[in-house]
Amino acid sequence: MVDDPPWDLRWQVIFSPIGFQRYNMPLLVSCTGSAPPVNDLRVLTTYKLDTGGGWFMEADGELTYRLMSMLSAGLWARGSWYYVTGLGRLDSEVLFANLQPPNPVNPLAGSRTRLDSTLSRSSLATGLSAVLTF
C-alpha cells in the first residue's frame, strides 16, 4: 500500500479574450480657500467609459502540507486581472463658483471625449491556512 504524498497542490485559471463594461463614476470636487480673498468652487465631474473590447483573467492556487493525519497547513494565492479599452467621456459642470475677483466665465465646465480610453484593474491576495480534519 502506497501512502499519499504530504504535499497537495490545487490551482485553476479562468481566461476570456472578451471583456465589456459600461463604467460610470461621478466625482464631486469642492475647493475652498480660507485666506482673503475667499474662493469657493464646486464642480461635478462624471467619467463614463463605454468599452469596445478587452480581456480578463482570474487565477488561484493552494499548496497544503499534511503535518499529522488530522492537521494540514498551507499557503494560498488568488489574483484577478481586467483590461478594457473604449470610448471615454469626461463631463464637468460647475455647481457653484465664488471666485475673487468675479470671473464671468464658468471654469472647468464642458466635456471631453477620448477614443483610446482604457480601464485596468488587478488584485492579488495571499494567505496562510490551517485545516483540521475530524
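Neighbour counting of Cβ atoms within 10 Å sorts the residues TYR23, TYR82, fewest neighbours leading, into TYR23, TYR82. According to the square roots a ≥ b ≥ c of the eigenvalues of the Cα gyration tensor, what is the shape class of region 7-132, taking rounded for a/c under 1.5, prolate for a/b larger than b/c otherwise, and oblate for the remainder? Oblate, because a/c is 1.5 or more while a/b does not exceed b/c.
3J(HN,Hα) along region 81-86: 9, 9, 9, 9, 10, x Hz, from the Karplus curve 6.51 cos²θ - 1.76 cosθ + 1.60 with θ = phi - 60°, whole Hz, x for Gly and Pro.
Between ALA73 and TYR23, the FRET efficiency from the beta-carbon distance, with R0 = 35 Å, is close to 0.30.
No value in this document is a laboratory result; all are computed from the given coordinates. Owing to the predicted nature of the structure, the values given are computational and were not obtained by experimental measurement. Positions of Cβ are backbone-derived with ideal geometry, glycine not excepted, and every protein chain shown enters the neighbour counts.
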